[in-house]
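Accompanying notes for the structure given below.
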Amino acid sequence: MSPEPRQILAPDGTRHGESSLEIPAIRRLYQAMLSARVFDRKASAMQRQGRLATYSPFEGQEACQIGSAAALSPQDWVVGSYRDGGAMWLHGYTWRNLLLGRTGDERGGRTPDGVRVLPPSITVGGHMIHAVGLGWGERLQGSDGVALTLFGDGATSEGDFHEAMNFAAVFETPTVFFCQNNGWAISMPTERQTRSETIAHKAVAYGMEGVRVDGNDLLAVYEAATAAVAKARRGDGPTLIEAITFRVGPHTTADDPGRYRSEGIVAEWRERDPLERVRRYLVAQDAWDEAWQREIEEAESRAIEDIVADAEALPAFTPREIFDGMYAEPTAQLREQRAEAERG
Amino acid sequence: MAELNIAQALNAALSSALEDDRVVLLGEDVGTTGGVFRVTDGLLQKYGPDRVIDTPVAESGIVGAAFGMAVGGMRPIAEMQFMGFSYPAFDQIINHVARIRNRSQGRFTAPLVIRIPYGAGIGAAEHHSESAEAIYVQAPGVKVVVPATPYDAKGMLLAALDDPDPVIFLEPIRLYRSIKQEVPDEAYRVPLGVAAHLRQGRDVSLIGYGSMMREVNAAADILAAEGVSVDVIDLRSLVPFDAEMVIDSAQRTGRVVVVQEAPRSAGFAAEVVAQVQEKALYSLNAPVERVTGYDIVVPLRRAEKHFVPSVARVVAAARRTLEP
């Protein structure tokens, strides 16, 4: 395995490898990355205005999230964590889901009907094995559906990463493990998570293919994810993709990254911005103009304002409704406690 | 009809359940070996390795994978080999299995059954004798049930599998082979959340569940022989808890003994006592008694007998409530 991450688009936007994506498709994915960035920045801003609870921004990881989810079909599953809104959104979870959840409202977790995205996992590491079970279940039910799970470098230190990787390999489940190695698990750098030369190397021990890509390169991420999804769909088992990227923002809006990393490193990574790279490529292909960009930004920004206003107008759960999610039918104990809550 | 013990009745239930293609069994040694208690004996041969799945030794993985299958439309039955080995899976159970319905507001559910053999009394090694049902009762979103007879074992397992919510299904190890009963050949359901009223009596209520029902029934025989009219309830289900039957019994007898194998503090018996105190206090003629294990690590084989509540302790507790 080469420790050198695969790259198709260089940071200056020059292409030095084959891509299966034509210009119109790249424009669509660029538009999706841009929408995701507008959403992400808007959400952080709204948190500062006190309109959202804690938010965990994914800025800098848009190529990972859009590039990986773009490789899926509707029958496939996305199982992500709290920083994976971009991938979840592209697969059908809505900005409304994400924003409503961030206002502190359980209704945000209700995935639209027909959409195969689990609500985000807030604990680190527990969700990867769900993608093993989901993919496995697809196969047992005679479908060729695949499950993609997204997680960070920190999650690979959790015991459940091991159990998930091992189960997937042993049972050859159609699962794609997509690690966004963004350099930091809150304050801990990747070198404090593992002594493994790379995270992709860990795949070797499980008898699984490990792939390393430049996570800020949309085209490289898309090719790696497409190959892994196709392999899983054919019944040839799971893949671990390690995408090298960087969390430009804080862990969450409650975090102060100045306590553990320098501005210099952030500036260095901004030079490798995943959107700017594609934009430069599209400019060179005469497939980008500023009016188009502004139109997307403005439309997305307005849409998000509207969603938050709607979410804020939604009446909060009543004392009765907070009991409704526990069981299909409330137990006698819950009926009694619900009556007590309603009395106040 | 066949005369079956609990292990055989569970085997019959699983075999019947596997007729549904959505049902799979996952666990350590459930296939080739047929389970360490032989509860899954013969099922691999009958249904094949895609349905009866020997997994790596990884409890969190078993429950987590079963969770994914259940969310995706399957009906998995996960086996924890012993209750002491279920703790590595607790994160999956409390953080995901119990919560996905609420987290997704009903869009996704995890209707899986987690079978857990539990309890002491067979002289096993450390971690093999736990009775930790209360920690699962403290995980809102799962149901917790515990049959004590072959008939209930089969009927409740099939009911658990039909249930739209995840069910922790506790199997009393000590009783696996100690009781035989006529069990119908066909599939039938014993509803979850309904206690069994085993004896009607006027003087004292004995309330127990699972592994303690043998001692509870034996104590009731002794008391009855002394002329005491004993009311006996097997709770069968801790979540949902059939408090109504317990309260009704307490109101009729005015004397209550609650029996559990688990350590005493904050155990399920404490919940039963609290409910009786809240709803039947003015019917009581004596303080409610608890007969439980102690707040200690279950002793190993040679001293185990000092931990598991004995028939004598149950009888003594009942007599205390009857003292004038």
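The values are calculated or read from the model by the stated rules, or taken from the named source; none is laboratory data. Note that the structure is predicted; figures quoted are calculated from it, not measured. Here the Cβ is made from the backbone with ideal geometry for all residues, glycine too, and neighbour counts use every protein chain on show. What goes into the accessible areas is simple: the full protein's heavy atoms, side chains included, and nothing from ligands, DNA or RNA. Shrake-Rupley method; radii C 1.70, N 1.55, O 1.52, S 1.80 Å.
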* Once you wrap a convex hull around the alpha carbon atoms of region A:176-327, what is its projected area averaged over all directions, in nm²? -> 15.1
* Asked: Considering region B:61-172, what Rg and Dmax in Å follow from its alpha-carbon atoms?
  -> 13.6, 45
* Asked: How do B:D91, B:D165 stack up against each other in accessible area, from largest to smallest, with a 1.4 angstrom probe?
  -> B:D91, B:D165
* Structure fact -> Plugging the Cβ-Cβ distance of A:T94 and A:I322 into 1/(1 + (r/R0)^6) at R0 = 22 Å yields, to the nearest 0.05, a FRET efficiency of 0.45
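Mind ranking B:248-255, B:4-11, B:65-72 by how tightly packed they are, going by the mean number of other C-beta atoms within 10 angstrom, highest first? Working shown, then result.
Values: B:248-255: 21.5, B:4-11: 23.9, B:65-72: 29.6.
With the highest mean Cβ count within 10 Å placed first, the list reads B:65-72, B:4-11, B:248-255.
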* Restricting region A:200-266 to chymotrypsin sites (Phe, Trp or Tyr not before Pro) in coil, as DSSP defines it, with at most 13 other Cβ within 10 Å -> A:Y260
* Asked: Where nothing but the Cβ of Lys and Arg (+1) and of Asp and Glu (-1) is charged, how large is the charge dipole of the protein assembly as shown around its Cα centre, in debye to the nearest 20?
  -> 960
* Estimated FRET transfer efficiency when R0 is 30 angstrom, pair B:R202-A:A339 (beta carbons, to 0.05) -> 0.40
* **region B:44-115 - Debye-derived log10 I(q)/I(0), Cα point model, q = 0.18, 0.23, 0.26 Å⁻¹** => -0.69, -1.02, -1.20
* Asked: Which residues' amide hydrogens lie under 5 Å from the amide hydrogen of A:S121, considering only partners 5 or more residues apart or on another chain, with H built in the peptide plane?
  -> A:G80, A:S81, A:Y82
* **Karplus (6.51, -1.76, 1.60) ³J(HN,Hα), θ = phi - 60°, over region A:85-93, in Hz, Gly and Pro reported as x** => x, x, 5, 4, 5, 4, 8, x, 5
* For chain A, what are the DSSP H helices with axial Cα length of 30 Å or more and mean Kyte-Doolittle hydropathy of at least -1.0? -> A:23-48, A:290-313
* When Cβ neighbours within 10 Å are restricted to other protein chains, what is their mean count per residue of peptide A:319-330? -> 4
* With viscosity set to 1.002 mPa s and temperature to 20 °C, compute the Stokes-Einstein D of region B:257-324, Rh being the Kirkwood radius across alpha carbon pairs; µm²/s, no decimals. => 166
* Across bins of 5 angstrom width beginning at 0, how are the C-alpha pair distances of region A:208-282 distributed, in whole percent? -> 3, 14, 18, 16, 15, 13, 11, 6, 2, 0
* Asked: Using the alpha-carbon centroid of each, what span in Å lies between region B:218-250 and region A:1-57?
  -> 64
* **Semi-axis lengths (Å, descending) of the ellipsoid that matches the C-alpha gyration tensor of chain B** => 33, 20, 19
* Asked: Karplus couplings for region A:192-208 from phi (6.51 cos²θ - 1.76 cosθ + 1.60, θ = phi - 60°), rounded to Hz, Gly and Pro as x?
  -> 8, 8, 7, 9, 4, 4, 9, 6, 4, 4, 4, 4, 4, 5, 8, x, 10
* In bins 10 Å wide, starting from 0, what share of all Cα pairs of region A:77-170 does each bin hold, as a percent? -> 17, 46, 31, 6, 0
* Structure fact -> All alpha-carbon distances of the protein assembly as shown, grouped into 10 Å bins from 0, give the whole-percent distribution 3, 15, 23, 22, 16, 11, 7, 3, 1, 0
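Rounded, prolate or oblate: which fits chain A, taking a ≥ b ≥ c as square roots of the Cα gyration tensor eigenvalues, rounded meaning a/c under 1.5, else prolate when a/b beats b/c?
Verdict is oblate for chain A.
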* Sequence ranges A:191-198, B:191-198, ranked by mean other-Cβ count within 10 angstrom, highest first -> B:191-198, A:191-198
* Would you mind giving the three semi-axes, in whole Å and largest first, of the ellipsoid equivalent to region A:244-344 according to its Cα gyration tensor? => 47, 23, 13
* Using a Förster distance of 30 Å, how high is the FRET efficiency between B:Y294 and B:R189, based on the Cβ-Cβ distance and rounded to 0.05? -> 0.25
* Asked: Using a 1.4 angstrom probe with every protein chain in place, what is the largest-first accessible-area order of A:H127, B:H306, A:H91?
  -> B:H306, A:H91, A:H127
